[in-house]
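Bear in mind these aren't lab numbers, they're just calculated from the coordinates by the rules spelled out. Only a predicted model underlies this, so the values are computations on that prediction, with no experimental measurement involved. No Cβ is skipped: glycine too gets one built from the backbone with ideal geometry, and neighbour counts run over all protein chains shown.
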Amino acid sequence: MEFTKLSAPSLKELFIKQLETMILSGKLPIGEKLPSERELAISMQVSRAVVNTGISEMARKGFLMIKPRVGTFVADYRRNGTMETLISIMNYNGGILRDAEIRSILELRIALDSLAVELCVPKITNDEIAILKDYVKQMKESDSPKMASELAFRFQHELAFLSGNTLLPLIFSSFKVPILSLWERFYLLYGLESLYKNTVILCDCIEQRDAKKAVECMTTAINDTIYGSRQIYY
């Protein structure tokens with residue numbers, strides 16, 4: 001039996017986690033001014049270097065706003081956040097997305113996946129279709145929610161890459177963590193067969209070079225997850 005190597009979080013990671021928890025819980029409200037770096041270092045018993053790098057990272061993630069010669073303030077992360085902010089929210093919620101975030105991701109997927117299909121289908125080759133079909137085949141043979149979800153992601157990411165739009169696969173990759181969590185939940189609720197069926201139908205439409213039907217099938221499946229009989233809200 002193999003055991004995974006354990007690693008302790010760094011002081012910077014602990015500093016960030018504590019501040020994120022205080023912000024997300026409301027203990028540090030939006031607009032609140034933080035104590036100085038020196039005061040934070042003394043209060044939390046860490047070096048100023050830890051505080052400085054931690055604050056810089058939290059500002060990059062949209063949790064804090066640094067105003068030179070004025071101070072550091074809690075930012076409105078709902079307006080200024082990034083995908084890393086969403087992942088921090090997931091971690092705070094025990095790895096679970098809230099209903100509004102689930103709906104938002106699925107609605108965005110409709111737009112991005114539709115564009116990928118419409119750009120991809122007119123020029124896709126038989127060899128490229130074979131790559132997509134191989135992901136579908138592996139998915140059918142997978143034996144865990146994690147593996148099936150990973151293969152569903154690879155299928156969609158390949159589709160985004162084949163679209164020829166250089167930004168689509170990058171955008172899709174940035175959503176990998178929350179998207180995988182949603183696919184795993186879908187698998188646990190409705191089984192591998194449902195996840196596989198949605199993907200194989202889309203693949204068949206692409207193989208038939210029917211972009212309109214592919215978009216319709218994909219949109220119907222995602223809308224069913226948002227509003228219909230196969231919702232994945234918590």
Within segment 154-192, restricting attention to residues that are out of contact with any helix residue (DSSP H, G or I) (no Cβ under 9 Å at 6 or more places or on another chain) and assigned to a helix (DSSP H, G or I), which residue is nearest to Thr219 (Cα to Cα)? Tyr190
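Pull up segment 166-198, narrow it to residues that are among the basic types (Lys, Arg) and free of Cβ contacts under 8 Å to residues at least 40 places away in the same chain, then point me to the one that is nearest to Gly95 (Cα to Cα).
Taking segment 166-198 as the starting set, the residues that turn out to be among the basic types (Lys, Arg) are 176, 185, 197.
Then drop every residue that is not free of Cβ contacts under 8 Å to residues at least 40 places away in the same chain, which leaves 176, 197.
Numbers: Lys176: 13, Lys197: 26 Å.
Looking at residues that are among the basic types (Lys, Arg) and free of Cβ contacts under 8 Å to residues at least 40 places away in the same chain, I get Lys176.
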Which condition breaks for Met147 when tested against (1) hydrophobic (A, V, I, L, M, F, W, C); (2) surrounded by fewer than 20 Cβ atoms within 10 Å (Cβ to Cβ); (3) closer than 30 Å to Ser56 by Cβ; (4) touching a helix residue (DSSP H, G or I) at 6+ places or on another chain (Cβ under 9 Å)? (3)
Just one of Ile206, Ile129, Ile232 is closer than 23 Å to Leu108 by Cβ, assigned to a helix (DSSP H, G or I) and β-branched (Val, Ile, Thr); which is it? Ile206
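Could you tell me whether any residue of segment 44-52 is of a type in the set (A, V, I, L, M) and within 23 Å of the chain's Cα centre (by Cα)?
Keep residues of segment 44-52 that are of a type in the set (A, V, I, L, M), which gives 44, 46, 49-51.
From what is left, the residues that are within 23 Å of the chain's Cα centre (by Cα) are none.
Within segment 44-52, not a single residue is of a type in the set (A, V, I, L, M) and within 23 Å of the chain's Cα centre (by Cα).
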Which condition breaks for Leu108 when tested against (1) within 20 Å of Ile226 (Cβ to Cβ); (2) more than 13 Å from the chain's Cα centre (by Cα)? (2)
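In segment 125-151, what count of residues is obtained for those that are hydrophobic (A, V, I, L, M, F, W, C) and in contact with a Leu (Cβ under 6 Å, 6 or more places away or on another chain)? I'd like the intermediate steps shown before the answer.
Start the filter on segment 125-151 by keeping residues that are hydrophobic (A, V, I, L, M, F, W, C), which leaves 129-132, 136, 139, 147-148, 151.
Okay, now just the ones that are also in contact with a Leu (Cβ under 6 Å, 6 or more places away or on another chain), so 139, 148.
Looking only at that region, the number is 2.
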Name the one entry in Met90, Met65 that is aliphatic (A, V, I, L, M) and assigned to a helix (DSSP H, G or I). Met90
Odd one out for Lys213 among (1) in contact (Cβ under 8 Å) with a residue 40 or more places away in the chain; (2) more than 20 Å from Ile131 (Cβ to Cβ); (3) among the basic types (Lys, Arg): (1)
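Counting only residues that are among the small types (Gly, Ala, Ser) and under 14 Å from the mean Cα position of the chain (by Cα), which one in segment 163-199 is nearest to Met147 (Cα to Cα)? Working first, answer last.
Of the residues in segment 163-199, the ones among the small types (Gly, Ala, Ser) are 163-164, 173-174, 181, 191, 194.
Then keep just the ones that are under 14 Å from the mean Cα position of the chain (by Cα); that gives 173-174, 181.
Values: Ser173: 17, Ser174: 19, Ser181: 12 Å.
That would be Ser181.
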